[in-house]
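Everything below concerns the one structure shown next.
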Amino acid sequence: MSHWLRSRDPFIDALMICFNLGLVWMLVMVLALVRREQGSLAWPAVRDALWLRAPRDPKTERVGGRTWWWVLPFVVLSAGVNALPLDPTGPLPRDFPEAILTDRVTNYFHGNWAGFALLIAVAFLSPIVEELLFRGLLLPRMRGVFGRADILASSAAYTLYHLHQPWSMPESFLDGVLNLAYPTRRFQSTWMGLIVHTAPSLLVAVTTLTLVL
């Protein structure tokens, strides 16, 4: 695709376009499977099928309200896990603050609103679609097969999904178990994993915007 584009950096544009197309396809697949299972894509059916409901505290049975605050420690723990020196070095600095200091990335985003829009789409579609698939669709249906190991099975599938960037797989598995699958299962709400997974995207958006401006 990069050979067909006439832009500042055709390879980066092609890469982000392909990521976005893949994520949209995954979203369509999730909705198609829910439609096949539930017979409807009405919001109540989608909400229940993908656990898109307020978190329930398993001890107090409280739904929503102060239970939402449980997401904060998992956001902090996720940041800590991703800061651990677990991943091997990839072909580009995996630490975003380091990556944006490379001349290629800096020059690409400077004044490039179209490139910024592509990045924002990837940054937010990725966590949303991944959580809807791995924690919303798959995790609730894994208990019958894997029992209490369902969060491990879910995280293993999520890790294998990152085979295209194997240098990130160790942290993907650990973060998937502790901060995505576990809170989703414990509070019976995909919103827990969604919020934790999407939080870094806000930092990516703000940081990249400074390059564009």
_With θ taken as phi - 60° and the coefficients 6.51, -1.76 and 1.60, list the Karplus ³J(HN,Hα) couplings across the stretch 131-141 in order, rounded to whole Hz; mark glycine and proline as x._
5, 5, 7, 7, 9, x, 8, 7, 4, x, 9
*Using a 1.4 Å probe on the protein chains only, how many percent of the accessible area of the chain belongs to carbon and sulfur?*
69 percent
*Express in Å², to the nearest 10, the accessible area of LEU133 obtained by rolling a 1.4 Å probe over the protein heavy atoms while all chains stay in place.*
20 Å²
*Calculate how steeply helix 190-212 sits against the longest principal axis of the alpha-carbon atoms of the chain, using the helix alpha-carbon long axis, and give the answer as 0 to 90 degrees to the nearest 10.*
20 degrees
*Rg and Dmax [Cα atoms of the chain; Å; Rg one decimal, Dmax integer]*: 18.3, 58
*Which value, in debye to the nearest 20, describes the size of the charge dipole of the chain about its Cα centre when Lys and Arg Cβ atoms bear +1, Asp and Glu Cβ atoms bear -1, and nothing else is charged?*
800 debye
*What angle, in degrees between 0 and 90 and rounded to the nearest 10, separates the Cα long axis of helix 10-38 from the longest principal axis of the Cα atoms of the chain?*
20 degrees
*Loop sites only, by DSSP: take the trypsin sites (Lys or Arg not before Pro) in the chain that have at most 10 other C-beta atoms within 10 Å and name the longest stretch containing none of them.*
60-213
*asked:* Accessible area per residue for the chain in Å², computed with a 1.4 Å probe and the full protein assembly in place, what is it?
replied: 55 Å²
_Take TRP43 and ARG56, extend 7 Å from each Cα along the Cα→Cβ direction, and tell me the distance between the two endpoints in nm._
2.1 nm
*HN-Hα J couplings of the stretch 72-85 from phi, Karplus 6.51/-1.76/1.60, θ = phi - 60°, integer Hz, Gly and Pro as x?*
4, x, 6, 5, 5, 5, 5, 4, x, 4, 6, 8, 5, x
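The values are calculated or read from the model by the stated rules, or taken from the named source; none is laboratory data. Keep in mind it's a predicted model, so treat the numbers as computed, not measured. Every residue, glycine among them, receives a Cβ derived from its backbone with ideal geometry; neighbour counts consider all protein chains shown. Just so you know, the surface numbers come from the protein's heavy atoms only, side chains and all, with ligands and any DNA or RNA stripped out. Shrake-Rupley method; radii C 1.70, N 1.55, O 1.52, S 1.80 Å.
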